[in-house]
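Encoded as C-alpha cells, the structure appears first; notes follow it.
Nothing in this text is a laboratory measurement; each read-out follows from the coordinates by a stated rule. Only a predicted model underlies this, so the values are computations on that prediction, with no experimental measurement involved. All Cβ positions, even for glycine, are placed from backbone atoms using ideal geometry, and neighbour counts span all protein chains on display.
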Ligand SMILES: [Zn+2]
Ligand SMILES: [Zn+2]
C-alpha cells in the first residue's frame, strides 16, 4: 500500500514538474517571427515632471509659453548688446535665460538629474504582441549614464522573452540607441539577441558633438544656406525655380542672420562655454556617448573638472574605454554567436553648420563615415573623383554608382547598407520594409544577397520606397562654394 502511494506520489511529482515545461512550450508560438524592439534615440521621447499624474508638466521640450517668455526675455539683452557691445554680459544673459528654461532638464556635476521627479513620457512595458512588422518601443531617460539605460534594456528584453516565449529578440537600434545596444552587449552578451539593425547609429560618435565639446562653435553663412536648401528640397534637381528663389532670398536674409550670429558667437564663445555649455551640456552623461573617441580626452579636459566631476568622468570613461573602444570586438563576438548584423548608414545630406569643418557627408546630424563604421566618403556636394580607386580590394565592388561612397573601408563592408537622401531617423515605408525583411530573413543577409536591397539605395521621395542608386542618381545637389 505504502509502495503504491509512493509510486502515485512520484508520478504526480514527475507530472507536476512537466507542467511548467509544457506551458512554456505552448507559449513558444512557433510563429517564425522574432519579437522586435525599437531602441529609440536621444531626446526622442519628451521629458516631463510627475509623468502620469494630473500635475504632469513638460520640461523637454519646454512648453511653448516658456519658450516665448525666454525669447522675450532676450529682447533687452539684445538691445543692451547693440548699445554697449558688451558681449560678456550678453552671454551671461543668454546663459541665465537657458538655465531657467531648462532648469528641470539639467544634471549636477556628478551627472545625476537635478529634478528626480522628471522622467520620459510614454514609458510602456513590452507587450506579447509581436505581429510581423511591429516593434515594441523601448524608451528611456536619454540624459542618463548609458549603463543604467542598458540595464533597463536588459529588463525589457527579459520581460519580452517571458511574454512571447521566444528566447531571442531583434533590436532596431536608432541613433543613441546604437550606443545603448553596444553597452548592453558589453554587459549582458548576445545570448538573447537574434539580430541587430543599426539605424543611423551613434556607436562611433558624432563629429558635431566632438567639435562642440572641444570648444569649436562656428557658424558660416554659406553652410547655413546649404543646410537650409538641402533641407527644403532634398538632393533632386527638379525644383530649379524654388532653388533659385531660396538662393537669392537666402543670399540676403539667411546670410544676414547667419553673419550676425557668427559675429556674436565669435565674441561670446568663451563666455558661453563658461556660463552655460560646460555645466549644462557637459554634465549630461547621455551626451558624452556622442563624443568620438579621438576627441574624448581633449573634450574631457575642456568641458570638465577632474576633481569636481570625478564621478561623472568615471561613468563616461566606462563607456568610452569599455564599449566604444571595443566596438569591433563586441560586434565580432556577437556575430560569432550567430547574431545577424545590418548597419544602415545615410548619406547625401549636409552637416549641421555649427562647427568649422562642416563639409562632410551626413544624414543631417551624424557623419556617414561614423554611422557606417568607417566608409570613405566624398565631401558633401562632391564625388570621390573619376580616378578614384576602391581603397581595399576584397574581390567585391564596394564603390557607390554615384561615386560618393567607398564602403570597402567599413568595419563590416558586407553588412553595411547606404541610403541616399534619408534624413536622420525620418524613416519611410521602404526603409522600414528593408529593416523588417532583414530581421525576418532566414539567412545572415549581406549586401549581395537580395537584389531588392543592394549596398547603395536611394530614398525615393515621391514613393517612399528605396530604389538602387545608379550612376545617374545626382550628386547630392546644392552646394554653395565658400
Ligand atoms: Zn512568436
Ligand atoms: Zn566585400
- Message: Rounding to the nearest 10 and keeping the result within 0 to 90°, find how far the Cα-based axis of helix 87-101 lies from the longest principal axis of the chain.
- Response: 30 degrees
- Task: Return the distance in nm (one decimal) between the two label points of a simple spin-label model at residue 426 and residue 270, each offset 7 Å from Cα along Cα→Cβ.
- Result: 3.9 nm
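Equivalent-ellipsoid semi-axes (√(5λ), Cα gyration tensor) for the stretch 37-81, whole Å, largest first?
Values: eigenvalues 187, 50, 6 Å².
Sorted largest first and rounded, they come to 31, 16, 6 Å.
Pop the C-beta distance of residue 306 and residue 467 into the FRET formula with R0 = 56 Å and round what comes out to the nearest 0.05.
On the way: r = 52 Å, r/R0 = 0.93.
Efficiency, rounded to the nearest 0.05: 0.60.
What Kirkwood hydrodynamic radius do you get for the stretch 297-431 when you take the inverse of the mean 1/r over all pairs of distinct Cα atoms, in Å?
Working: mean 1/r = 0.0589 Å⁻¹.
Hydrodynamic radius (Kirkwood, Cα only) of the stretch 297-431 equals 17.0 Å.
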- Pop a pseudo-label 7 angstrom from the Cα along the beta-carbon direction at both residue 71 and residue 389 and give the gap in nm to one decimal. 5.6 nm
- 5 Å-binned pair-distance histogram of the stretch 123-274 (Cα, whole percent): 2, 8, 13, 14, 11, 9, 10, 10, 10, 8, 5, 1, 0
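Using only the Cα atoms of the stretch 63-193, build the gyration tensor, take square roots of its eigenvalues as a ≥ b ≥ c, and label the shape rounded, prolate or oblate: rounded if a/c is under 1.5, else prolate if a/b is larger than b/c, else oblate. Don't skip to the answer; put the middle values down first.
Numbers: a/c = 3.49, a/b = 2.75, b/c = 1.27.
Prolate shape, in that a/c is at least 1.5 and a/b is the bigger ratio.
Would you order 377, 29 from fewest to most other beta-carbon atoms within 10 Å of each residue's own beta-carbon? Let's see the in-between values first.
Values: 377 24, 29 12.
Least crowded to most crowded, the residues run 29, 377.
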- Message: Considering the Cα positions of the stretch 48-132, please state its Rg to one decimal place and its Dmax as a whole number of Å.
- Response: 18.5, 64
- Task: Enumerate the whole-percent occupancy of each 10 Å bin, from 0 to the last occupied one, for all C-alpha pair distances of the stretch 354-429.
- Result: 18, 51, 27, 4
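Could you list 347, 427 in order of exposure, starting from the residue whose Cβ has the fewest other Cβ atoms within 10 Å? Show your work: numbers first, answer last.
Numbers: 347 30, 427 20.
Ascending number of Cβ neighbours within 10 Å: 427, 347.
What does the C-alpha gyration tensor say about the overall shape of the stretch 360-482? Classify as rounded when a/c is under 1.5, otherwise prolate if a/b is larger than b/c, or oblate.
Working: a/c = 1.71, a/b = 1.19, b/c = 1.44.
Cα axes put the stretch 360-482 in the oblate bin.
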- Please report Rg over Rh for the stretch 215-372, where both radii come from the alpha carbon positions and Rh follows the Kirkwood definition. 1.06
- Task: Note down the nm distance, to one decimal, between modelled labels 7 Å out along Cα→Cβ at residue 161 and at residue 84.
- Result: 6.2 nm
- Item | Where only alpha carbons of the stretch 416-475 are counted, the Rg and the Dmax (Å) | 11.4, 35
- Query: Going out from 0 in 5 Å bins, what whole percent of all Cα-Cα distances in the stretch 328-398 drops into each bin?
  - Reply: 3, 14, 18, 19, 18, 13, 9, 4, 1
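For a footprinting-style exposure proxy, rank 289, 443, 214 by other Cβ within 10 Å, fewest first.
Taking fewest neighbouring Cβ atoms as first place, the list is 443, 214, 289.
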- Note on the structure: If R0 = 22 Å, then residue 128 and residue 442, at their Cβ-Cβ distance, give a FRET efficiency to the nearest 0.05 of 0.40
- hull vol. (C-alpha, convex hull) per residue for the stretch 148-189, Å³ -> 61 Å³
- Angle between the chain longest axis and helix 2-27 axis [Cα atoms, degrees, rounded to 10]: 30 degrees
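Counting only Cα atoms, I'd like the Rg/Rh figure for the stretch 386-425, Kirkwood definition for Rh.
On the way: Rg = 11.0 Å, Rh = 11.2 Å.
Using Cα coordinates only, the ratio equals 0.98.
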- q = 0.17, 0.20, 0.26 Å⁻¹: log10 I(q)/I(0) that the Debye formula gives for the stretch 241-314, counting C-alpha atoms only: -0.75, -0.86, -1.15
- Query: For the chain, what is the largest minus smallest coordinate of the Cα atoms on each principal axis, given in angstrom and ordered from greatest to least?
  - Reply: 106, 55, 40
- Item | Crossing angle, helix 146-164 versus the chain [Cα axis fit, 0-90 degrees, rounded to tens] | 40 degrees
